[in-house]
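Novice: Right, I'll just put the structure down here and ask away after.
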Amino acid sequence: GAVVSQHPSWVICKSGTSVKIECRSLDFQATTMFWYRQFPKQSLMLMATSNEGSKATYEQGVEKDKFLINHASLTLSTLTVTSAHPEDSSFYICSAHGLAVQETQYFGPGTRLLVL
Amino acid sequence: KQEVTQIPAALSVPEGENLVLNCSFTDSAIYNLQWFRQDPGKGLTSLLLIQSSQREQTSGRLNASLDKSSGRSTLYIAASQPGDSATYLCAVKTQGAQKLVFGQGTRLTINP
């Protein structure tokens with residue numbers, strides 16, 4: 001089956017620093033990748049949709065200058081949390097969508113971010 | 001705007017019981033509906049995917065049904081086991097949209 005990886009799996013950083021999270025589709029080409037955020041005991045909230053080679057589409061209320069998304073290849077998307085603050089602490093999950101329109105999204109294992 | 005609701009929010013049952021989780025959606029023009037499982041601190045595992053033209057899908061002890069006209073889906077778990085304890089998420093892909101819209105999830109606990 002299709003596999004999506006995320007790196008790192010967890011990260012602790014100081015307030016004010018920037019953190020980059022990678023999302024890779026290991027055995028398929030992902031034309032579209034999605035970034036979600038999940039707070040404890042809550043559901044997934046879509047942050048943005050990124051299509052390879054174009055700018056990401058951000059959901060309402062998500063600051064594009066705060067959460068930088070780059071989808072430079074068909075197998076890699078990155079999310080950079082700039083000038084992170086404690087309220088950015090969360091579980092970040094990516095998913096990847098293959099070339100066929102009927103395909104499902106394949107989810108990564110998530111990255112837990114703790115900002116001190 | 002598509003909205004997805006899951007009932008109940010939490011469910012606790014003894015091992016061995018059959019159970020049903022519910023999912024409803026407001027816009028019946030869906031492309032597909034998917035059920036996921038999420039263990040604490042982990043990512044999502046896809047359980048079943050039902051295309052809009054299908055009525056149900058089965059995998060082992062799991063059976064998911066879809067009634068597009070009423071905007072409902074159910075996930076039936078037979079002979080529940082403690083290992084089934086997890087949060088179950090329902091997600092809908094609306095026609096013409098790339099993204100999935102998730103319900104809030106049902107936290108399931110199977111007691112030995």
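Novice: With the requirement that a residue be touching a Cys at 6+ places or on another chain (Cβ under 7 Å) and more than 22 Å from B:Leu47 (Cα to Cα), what does the range A:1-27 give you?
Specialist: Listed by number, the list holds a single entry, A:Val19.
Novice: Which condition from (1) surrounded by fewer than 20 Cβ atoms within 10 Å (Cβ to Cβ); (2) within 12 Å of chain B (Cβ to nearest Cβ); (3) out of contact with any Ser or Thr (no Cβ under 8 Å at 6 or more places or on another chain) is the one that A:Asn51 breaks?
Specialist: Here A:Asn51 clears every test but (3).
Novice: Within the range B:31-71, track down each residue that is away from chain A (no Cβ under 13 Å) and either surrounded by 16 or more Cβ atoms within 10 Å (Cβ to Cβ) or closer than 24 Å to A:Ser90 by Cα (or both).
Specialist: B:Leu62, B:Asn63, B:Ala64, B:Ser65, B:Leu66, B:Lys68, B:Gly71
Novice: Additional query: So for the range B:12-24 (the condition being crowded, with 16+ Cβ neighbours inside 10 Å, over 12 Å from the mean Cα position of the chain (by Cα) and more than 19 Å from B:Ala78 (Cα to Cα)), does at least one residue qualify?
Specialist: Within the range B:12-24 (the criterion being crowded, with 16+ Cβ neighbours inside 10 Å, over 12 Å from the mean Cα position of the chain (by Cα) and more than 19 Å from B:Ala78 (Cα to Cα)), the answer is no, since none of the residues qualifies.
Novice: Does B:Ser80 fit the bill of being surrounded by 15 or more Cβ atoms within 10 Å (Cβ to Cβ), more than 14 Å from chain A (Cβ to nearest Cβ), small (Gly, Ala, Ser) and in a strand (DSSP E or B)?
Specialist: For B:Ser80, the condition - surrounded by 15 or more Cβ atoms within 10 Å (Cβ to Cβ), more than 14 Å from chain A (Cβ to nearest Cβ), small (Gly, Ala, Ser) and in a strand (DSSP E or B) - is not met.
Novice: Could you list, in sequence order, the residues of the range B:89-112 that are among the hydroxyl-bearing types (Ser, Thr, Tyr) and within 11 Å of chain A (Cβ to nearest Cβ)?
Specialist: B:Thr106
Novice: Does the range A:100-116 contain any residue that is away from chain B (no Cβ under 14 Å) and over 20 Å from B:Leu100 (Cα atoms)?
Specialist: Yes: one or more hits.
Novice: Does at least one position in the range B:51-64 carry a residue that is in a strand (DSSP E or B), of a type in the set (D, E, K, R), under 14 Å from the mean Cα position of the chain (by Cα) and more than 29 Å from A:Met47 (Cα to Cα)?
Specialist: Yes - at least one qualifying residue is present in the range B:51-64.
Novice: Checking A:Asp65 against (1) buried (at least 20 other Cβ atoms within 10 Å of the Cβ); (2) free of Cβ contacts under 8 Å to residues at least 60 places away in the same chain; (3) part of a loop (DSSP other than H, G, I, E, B), only one condition comes out false. Which one?
Specialist: (1)
Novice: Of all residues in the range A:79-98 being farther than 13 Å from A:Ala30 by Cα and assigned to a strand (DSSP E or B), which is farthest from the other protein chains (Cβ to nearest Cβ)?
Specialist: This residue is A:Thr80.
Novice: Just wondering, is there one or more residues in the range A:28-50 that are over 24 Å from B:Ala91 (Cα atoms), modelled with pLDDT of 90 or more and of a type in the set (A, V, I, L, M)?
Specialist: Within the range A:28-50 (the criterion being over 24 Å from B:Ala91 (Cα atoms), modelled with pLDDT of 90 or more and of a type in the set (A, V, I, L, M)), the answer is no, since none of the residues qualifies.
Novice: On the basis of being β-branched (Val, Ile, Thr) and within 11 Å of chain B (Cβ to nearest Cβ), does A:Thr17 make the cut?
Specialist: Judged against the criteria, A:Thr17 is not a match.
The values are calculated or read from the model by the stated rules, or taken from the named source; none is laboratory data. Please read all numbers here as calculations on a predicted model, not as lab measurements. All Cβ positions, even for glycine, are placed from backbone atoms using ideal geometry, and neighbour counts span all protein chains on display.
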